[in-house]
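Student: Below: one structure in structure tokens.
The values are calculated or read from the model by the stated rules, or taken from the named source; none is laboratory data. Computed from a predicted structure; not experimentally measured. Note that we place each Cβ from the backbone using ideal geometry, even for glycine, and neighbour counts take in every protein chain shown. For the accessible areas, the whole protein counts, side chains as well, though only heavy atoms, and no ligand, DNA or RNA atoms are used. Shrake-Rupley method; radii C 1.70, N 1.55, O 1.52, S 1.80 Å.
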Amino acid sequence: MNSRSLVAIATRNDKALGVAYAVPTQTPDMAYTVPKLTDYSSAALDRVAGECIAACAVESGEVRTDTDLKSFRDRWLARKNGILTQINDLWLKGAPKEAKREAGIRVNELKARVTELVEKAHVAAEDSQAGESVDVSLPGIRRPIGAEHPVIKTMHEIVGVFQKLGYSVAEGPVVETDYYNFEALNFPPNHPARDTQDTLFIAAQQSKQQRERLLLRTHTSPVQIRTMEKMRPPIRIVIPGTVHRNDPPDASHSPMFHQIEGLAVDTNITFGDLKGTLDHAMKALFGSSVKTHFRPSFFPFTEPSAELYVTCFICGGSGKRGADPCRPCKQTGWIEVLGCGMVDPNVFEFVKDNGYDPKRVSGFAFGMGVDRLALLKYGVDDLQYFFQGDVRFLEQFA
Ligand code: PHE
């Protein structure tokens, strides 16, 4: 370190404080020692005081660690033989009577400055040990605020619509057993309906009983059973989550995607309740002018089953965009949004002991693919963009 420049800084600082000191005559590289005084004139006192403070400022500026600080403090402030004590002895006690007052003022000033410098060194040591010293003139660190992923945002919107109807949220595991994903949903072993699910199975499960074997859940429907095992009727729940199927990724398929399941069970729940609830939900999601349309379908766990279509919210149901055909609805004016139906009594049989006697309760269920809805909603033309994590794509939704 260049002590010379530090001395210059120390001298300048002292001037800034309104006390002018002469440039020191001791070489700054030598450790400071307290000189004996013979000349007690004002000029001489100014000079020795200036030298002393400049030396103290240099040493103070070199303090980095707690050990530095301790030896610096001891050297200057120790009662026994510290520099201030020596100055007291040599300059004040040794002063002739007529110079005592003047010397006293100088020594007091000096004590105040040395104490200040020790305090400064203390702060500096703390700062440098905290890793860095703070330059308050530097610009602050900008932490960009994240935003919800478009799929998650869509999910929250859909869940929100049902929460307003009094539904609560349930969740379940992504790695599921054959029992919950299939058997308890009325897919018996070897039933062909299992083939429609393109299931990804966990390896090395052959030694287990079939119902115990693990797989990646192909839909959120297993959480219907899991929830009915825990909660007695009446229930109204929505179940958001990820599901997996053995589909190679392309513009409209992904081996991982998102579903929201719905389940309402009570006494006297009818297909009319299902239609009214879903019609309301579609209007809340896509606008009040949207029309709904149910077509018969099949799911092992609902009877009767249906697919729900809404009027295409891209072309408004006309099948055309100006002179061009509307692609999202394949010119039909309708878009399929979910599968639904009345809970099959065979499903209730699996949770009968928890109050779900199929003779007493009825219910409806539905399940929709969130990703496809997000795709249509935001006019994105490739599903893969959602899962590549490219910030340039994602920040458009922030
Ligand atoms: N689980 C079905 C699927 O993934 C959707 C569905 C849910 C159908 C609930 C009816 C009732 O295709």
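Student: Place +1 on the Cβ of every Lys and Arg and -1 on the Cβ of every Asp and Glu in the chain, take the dipole about the Cα centre, and give the residue among PHE350, THR33, GLY140 whose Cα lies farthest towards its positive end.
Tutor: Result: THR33, furthest along the dipole toward the positive end.
Student: Rolling a 1.4 angstrom probe over the protein heavy atoms, how many square angstrom per residue are accessible across the chain?
Tutor: On a per-residue basis, 55 Å².
Student: Right, next: Can you give me the P(r) profile for the chain? Cα pairs, bins 10 angstrom wide beginning at 0, each as a whole percent.
Tutor: Bins of 10 Å from zero give 4, 17, 19, 11, 5, 4, 7, 10, 11, 8, 3, 0 percent of pairs.
Student: For a test of the definition: using alpha carbon positions, the gyration tensor, and the 1.5 limit on a/c, classify the range 268-398 as rounded, prolate or oblate.
Tutor: In terms of gyration-tensor shape, prolate.
Student: Relative to the present Cα-Cα distance, how much length would full extension add between SER207 and THR38 at 0.36 nm per residue of separation?
Tutor: Length difference between fully extended and current span is 50.7 nm.
Student: To continue, here is another question. Run the accessible area of the chain with a 1.4 Å probe and give the carbon-and-sulfur part as a rounded percent.
Tutor: Carbon plus sulfur share of accessible area: 52 percent.
Student: Here's a follow-up. Rounded to the nearest 500 deg cm²/dmol, what is the calculated helix-only ellipticity per residue at 222 nm for the chain, with -39500 (n - 2.57) per DSSP H run of length n ≥ 4?
Tutor: -11000 deg cm²/dmol
Student: Still on this structure: Heavy atoms only, probe 1.4 angstrom, no DNA, RNA or ligands counted: give me ARG194, ARG360, ARG327 ranked by accessible area, highest first.
Tutor: Sorted by accessible area, descending: ARG327, ARG360, ARG194.
Student: Identify the trypsin sites (Lys or Arg not before Pro) of the range 135-172 meeting these criteria: DSSP loop state and at most 11 other C-beta atoms within 10 Å of the C-beta.
Tutor: ARG142
Student: I've got another one for you. Of SER288, SER71, SER221, which has the largest mean-square fluctuation in a 10 Å C-alpha GNM of the chain?
Tutor: With Cα springs under 10 Å in the chain, the top fluctuation among SER288, SER71, SER221 is at SER71.
Student: Apply the membrane-span-like helix rule to the chain: whole DSSP H runs, Cα extent along the own long axis of at least 15 Å, mean Kyte-Doolittle hydropathy at least -1.0. List the helices found.
Tutor: Within the chain the helices that satisfy the rule are 3-16, 42-61, 100-129, 150-164, 271-286.
Student: Okay, next question. Of LYS377, LYS93, LYS275, which is the most mobile in a GNM of the chain whose springs link Cα atoms less than 10 angstrom apart?
Tutor: Largest GNM mean-square fluctuation: LYS93.
Student: Using +1 at the C-beta of Lys and Arg and -1 at the C-beta of Asp and Glu, which of GLN396, VAL380, ALA365 has the Cα lying farthest in the positive direction of the dipole of the range 350-398?
Tutor: The listed residue farthest towards the positive side: ALA365.
Student: A further question follows. Using alpha carbons only, how many angstrom separate the centre of the range 91-105 from the centre of the range 146-178?
Tutor: That distance is 84 Å.
Student: Still on this structure, I have one more. Figure the gain on full extension for LYS153 and THR267 (residue separation times 0.36 nm, minus the Cα-Cα span) and round it to one decimal in nm.
Tutor: Going from the current span to full extension adds 37.7 nm.
Student: Which value, in debye to the nearest 20, describes the size of the charge dipole of the range 147-293 about its Cα centre when Lys and Arg Cβ atoms bear +1, Asp and Glu Cβ atoms bear -1, and nothing else is charged?
Tutor: It comes to approximately 280 debye.
Student: While we're looking at this one, here's another question. If you put +1 on each Lys and Arg Cβ and -1 on each Asp and Glu Cβ, how big is the dipole of the chain around its Cα centre, in Debye rounded to 20?
Tutor: Its charge dipole is roughly 960 debye.
Student: Then there is this: Taking the Cα centre of the chain as the origin and placing charges on Cβ (Lys, Arg +1; Asp, Glu -1), which of GLN209, PRO234, THR332 is farthest toward the positive end of the dipole?
Tutor: Farthest towards the positive pole: PRO234.
Student: If you check each cysteine of the chain for another cysteine whose beta-carbon is under 4.7 Å away, which ones come up empty?
Tutor: CYS52, CYS56, CYS340
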